[in-house]
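No value in this document is a laboratory result; all are computed from the given coordinates. Quick caveat: nothing in here was measured; it's all calculated off a predicted structure. Counting neighbours? That spans all protein chains shown, and the Cβs are built from the backbone with ideal geometry, glycine included.
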Amino acid sequence: MRRTPSGRVLSVVASTLTLLAASGAAMAQADDPASPEQKLRDFIHYVLIDRPDAAELIGQQLLNGDMPPQAFADLVESSGELQRFRQAIGEAMRRDVGGSLESTAADLEGLFESGKLERARSPQEIERNIDLLTGQLQGRYLATQRLLTAGEYSVPQLFEALVDPTNSELQAIAQQILVQMGSQSVMPLCVALRSETGPRQQLIAEVLGIKGYKTALPFLADVAESTAESEVREACTRAISNLGGTEGASVSALYLSLGEIFYAERPEVTSFPGEEHQLTWSYLPGAPAVALTATPVLTEVYHEGMAMRMAEHALRRDGRNLDAASLWVSANIKREVEQPTDYENPMYGSDRRDASYFAVAAGMPVDQRVLARGIDTRNTPLARAAISAIEEIAGGSQLWAGTSDRRPLVEALGYANRRVQYEAALAFGSAQPNESFTGSDRVVPLLASAIRDASERYAMVLTDDIEAYQQIRGILSGQGYTVLPRGGSAGELESAIAEAAGIDVIVTMLPTDRSLASIEQVRYSAKLAVTPVLAMLEPDEAAAMSPRFERDPMVMVRRVGLPAEAVSGAVEALVNDASGGPISSAEAREYSERAIVVLRDLAISGNSVLDVRDATSSLVGAVADAAGARRLAIAEVLSLIDDERGQRAVTDVALSSSGAERAALLRLAADSAKRFGNRLEERQLNGVIKIARSDSATESLAAAALLGALGVPNEDFLPQLLGQ
């Protein structure tokens, strides 16, 4: 007897038809697509029975269905599948770390959470819940919870209730909710505090004192110092005491301290971690409706904008605060680096000058502090921007004088990023220092490295598994990296690391404890401190470790077993985010050209602090590998160096060249001989004589000039004179 299909079987049949329709092999029965609710159930089902391919396909159908976030949240909650939906999302993300199903599951979870938040944050929903606050106990409780879920978005309407003396019951409840809201209501209340006056200002100060967040201290101190109203001043003073502040503390210093908290993107000044936007506030006292107005700002640039705003408050209080000025310049550079192209930033309009203008205008004391911050926070783009500004405006002892307790530009010579090292060396070399300084011995070797090694890419793979090493090595080699020998830790590869110009990326394939230990070891290594790390682990370990580094651009966590394309893409994204990507061929060429010019100028000037002879070995190798104009430029530097290796190297490449290039190189060798005398070996001299006897008028003339400059004895030149 045939059984009637059960509900579960019917569900599977519907899902199968959905899959067939998506692949172009649908049967006639599939003409009516499954409903969104059915697709939701099918997605959950396929995840839980471990059918990632089917789950991925249906999940994408849900995402591509143009369902608004709030509608999707309503669907999940009304389907009766909320608990199983959460379970399926967790399973998908755990089983497929770094894979397409994990991405789909994360997108579905994000859509659901966004929908819930959209609903809770709707001004109409907030207004409805505020109306319930003075009603029945159960409704009041639920309304309070919804307003707390809406968080900072509900502050304008709660604030309106707070400052409305006509409804004392609602006023007290609004105050209680604003206090319960924690850090999310601090900034809007602080903005209102600075703008209000009288009893309202006093009330806001009292609420901030009750809340207990020290981020309010600079605003309270500012108002306490500037107000003419004794009641407001006393309220601010009590609030400062409640927050553990000190009466009479420098308002400028307090704003600077808060600005540093914003710059560090600390949790207490991040209302919506993981969300696309944060809120910035403005206040219109006496407005007929809500006086507090929120403006969404992309999270990528919110903290930088707020750090700049706090620095501006600090500078208005003390225009000589160099630390506040350096914070503003640093935050502005960071904002410019992290701001998406074509984004109209409400905190920094497109009509304002770019960050480099203010960095140059700020002067050396500020830029040295900006560079120090870049080094301390391992922010390579910030360090490079500071060096560029310093090079533009400073010279002589200003470069290495630094601040009272450190020399940031000298420190940059040892920063674990080749771009920073090269640019610091170029700045020092261009300045032509006339007195020695600590670290001066590193400048010329770095300039020589910029000529020869700038385009090299180096990677290391930490693993105990030889097969895994070979697989990852092949992927990295395909991306242009020279991969160091296999090692189980950075310590095992110390010698190889020392020989490399710099390590651009590290891949670890170790258990969690050893992966964490390796990351820690790398961060405290002078040569690896800013090298990005791709940590590859088993799926369960990757899922557990990934949240730890989700805000760290220097570390990426992925599961083992990914396709080669996915690993290659992960490496590329990681290196781009962490350091701006590997040095491109165009960048390498620019570094090389600039370094050649600087070394040439140092050699011509005979600089006694930066000895170009330290570059001889690298230049000898570089001139042999170079060609065309680059070879001639390097040869010119060698011809200016008082070292026999330089003259011999120029002559060797001349002997191996031909035509106009040979003639030009011979003339450079002659220039060297005029300066330093004959340093050639007998074999080279014989080669030059041979060219002098050749039929090429251009080459033979240049060779004859070299022989003359070398002071060749008559007996050696006589056969040439006699045509023998």
How many angstrom lie between the C-alpha centres of the stretch 391-455 and the stretch 311-360?
-> 26 Å
Per 5 Å bin from zero, what fraction in whole % of the C-alpha pairs of the stretch 611-721 is there, up to the bin with the longest pair?
-> 2, 14, 26, 24, 19, 9, 4, 1, 0
Zero-based 10 Å bins, Cα pair distances in the chain, whole percents = 3, 11, 16, 18, 18, 14, 9, 6, 4, 2, 1, 0, 0
Per-residue HN-Hα couplings for the stretch 615-620, Karplus 6.51 cos²θ - 1.76 cosθ + 1.60 at θ = phi - 60°, whole Hz, x for Gly and Pro?
-> 9, 4, 4, 5, 5, 4
Could you run the Karplus curve 6.51 cos²θ - 1.76 cosθ + 1.60 with θ = phi - 60° over the stretch 47-61 and give me ³J(HN,Hα) per residue in whole Hz, x for Gly and Pro?
-> 5, 6, 9, 6, 10, x, 5, 5, 4, 4, 5, 6, x, 5, 4
Residue-ordered couplings for the stretch 351-365, obtained by feeding phi - 60° into the Karplus form 6.51 cos²θ - 1.76 cosθ + 1.60 and rounding to whole Hz (Gly and Pro as x), are 7, 7, 5, 6, 5, 5, 4, 6, 5, 5, 5, 5, x, 4, x
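Taking the alpha carbon gyration tensor of the stretch 303-399, what are the square roots of 5 times its eigenvalues, largest first, to the nearest whole Å?
Square roots of five times the eigenvalues give 21, 16, 12 Å.
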Any idea what angle helix 69-78 forms with the longest principal axis of the chain, computed on alpha-carbon atoms, 0 to 90 degrees, nearest 10?
-> 50 degrees
Between the alpha-carbon centers of the stretch 538-597 and the stretch 230-284, tell me the distance in whole angstrom.
-> 36 Å
Those GluC sites (Glu not before Pro) in the stretch 204-294 that DSSP places in a loop and that have at most 12 other beta carbons within 10 Å = Glu247, Glu276
For the stretch 458-582, size of Cβ-based charge dipole, Lys and Arg +1, Asp and Glu -1, in debye = 200 debye
In nm², what is the average projected area of the convex hull enclosing the Cα atoms of the stretch 309-358?
-> 3.6 nm²
Taking placed amide H atoms and a strict 5 Å upper bound, the residues 5 or more places from Leu510 or on another chain that come that close are Met536
Report the extension gain between Ala564 and Arg514 in nm, rounded to one decimal, defined as 0.36 nm multiplied by the number of residues separating them, less their alpha carbon distance.
-> 15.6 nm
Amide H within-cut-off set for Asp504, under 5 Å, with H built and near neighbours excluded = Tyr458, Ala459
Mind listing which GluC sites (Glu not before Pro) in the stretch 582-681 are in a DSSP loop and have 13 or fewer other Cβ atoms within 10 Å?
-> Glu681
A convex hull over the alpha carbons of the stretch 403-530 yields, per residue, a volume in Å³ of 112 Å³
So, in Å, what gap is there between the alpha-carbon centers of the stretch 601-625 and the stretch 652-697?
-> 20 Å
Please list the radius of gyration and Dmax for the stretch 386-464, considering alpha-carbon atoms only, with Å as the unit.
-> 14.1, 51
Tail beyond 17 Å, pair distance distribution of the stretch 222-335 (Cα, percent) = 64 percent
Within the stretch 306-349, chymotrypsin sites (Phe, Trp or Tyr not before Pro) in DSSP loop having at most 15 other beta-carbon neighbours inside 10 Å = Tyr343
Once amide H atoms are built 1.01 Å from N in the peptide plane, which residues 5 or more positions from Val560, or in another chain, come under 5 Å H to H?
-> Leu537, Glu538
Lys/Arg +1, Asp/Glu -1 at C-beta; the stretch 200-287 dipole; positive extreme among Pro267, Ala224, Val251 | Ala224
Value of [θ]222 nm, deg cm²/dmol, for the chain, DSSP H segments ≥ 4, -39500 (n - 2.57) each, nearest 500 | -19500 deg cm²/dmol
